[in-house]
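Here's the structure, in structure tokens; my notes come after.
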Amino acid sequence: MLELQDITKVYNAGTVTEQCLFHHFSLSVEDGQFVTIVGGNGSGKTSLLNIICGSIPIESGDVLVGGRSISRMKDYQRYASMGRVYQAPSAGTAPNLTMLENLALADNKGRPFGLRRGVDRSRVDFYRAQLQSLGLGLEDKLNVKMGALSGGQRQAVALLMATMTPLQFLILDEHTAALDPKTAEIIMALTDKVVREKHLTAMMVTHNLRHAAVYGDRILMMRQGQVVLDRAGAEKAALSMEDLLAMFNQLSLAD
């Protein structure tokens, strides 16, 4: 289980623009849940992910995994059990390296490289099989540089790279926002497949209310650092995009 306990986060402390985004905020996520998170700009969605990943500091509180505090861990230490896919297709991959070299880097996450070769040729067939499972024809482009791929292709590979090593959590930070609608649907279907097949606990921030309604088994709607809607299981499945849009618009008017 992932737990955020009594989190307080203040931006620009001691200045005229000081903002307390989270004030004694708590949240628990059960193992194996796929949580979708929606909310307006400044509601705390991405800050929540950054706190979990250790990308930003907190004033007080604790983050626990399986009852063990990870708050004092460096972000790279947390990433030993977490994978993250960012909004920009260019993030999370090395554009001047080939797809093979990128996959090799992801495959060796957390391991010392030493003086051996960066690419283990005995793993090439494995990489090709992983790419083939995406259904995008990328298995024949191992020697193509990542920067030469389309945004959707890069995001698909970034998703594969983020989940190549054994993980507990997958963090998805608006990972379809920069894609055209058709490609976004492909990436979401791949995301759902990966989460289910690898039995991951996933947290996905999205501005696409249809994706939030269709995917995942729990939904959170956030406003000003607070969870104002939390539905899981059958209650979540009963929510339609129209329901979410009405709630979202109501909150927007309240702001």
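The values are calculated or read from the model by the stated rules, or taken from the named source; none is laboratory data. Bear in mind that the values here come from a model prediction, so they are computed numbers and not experimental data. Ideal geometry is used to build each Cβ from the backbone, glycine not excepted, and the neighbour counts take in all protein chains shown. Remember, those area values only see protein heavy atoms, side chains included, never the ligands or the DNA or RNA. Shrake-Rupley method; radii C 1.70, N 1.55, O 1.52, S 1.80 Å.
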(message) Suppose we keep only residues that are open to solvent by 10 Å² or more (accessible area, probe 1.4 Å), in contact (Cβ under 8 Å) with a residue 24 or more places away in the chain and assigned to a helix (DSSP H, G or I) within the range 46-55. Which one would you say is nearest to TYR215 (Cα to Cα)?
(response) THR46
(request) Tell me, please, whether a residue that is hydrophobic (A, V, I, L, M, F, W, C) and free of Cβ contacts under 8 Å to residues at least 24 places away in the same chain can be found in the range 21-35. (result) no
(request) Exactly one condition in (1) out of contact with any strand residue (DSSP E or B) (no Cβ under 8 Å at 6 or more places or on another chain); (2) on the phi > 0 side of the Ramachandran plot is not met by ASN12; state its number. (result) (1)
(message) Given the condition touching a helix residue (DSSP H, G or I) at 6+ places or on another chain (Cβ under 8 Å), outside any strand (DSSP E or B), surrounded by 13 or more Cβ atoms within 10 Å (Cβ to Cβ) and at negative phi, answer yes or no: does some residue in the range 226-236 qualify?
(response) no
(request) Identify all residues within the range 125-167 that are over 22 Å from the mean Cα position of the chain (by Cα) and of a type in the set (A, V, I, L, M); write none if there are none. (result) ALA129, LEU138, LEU142, VAL144, ALA148
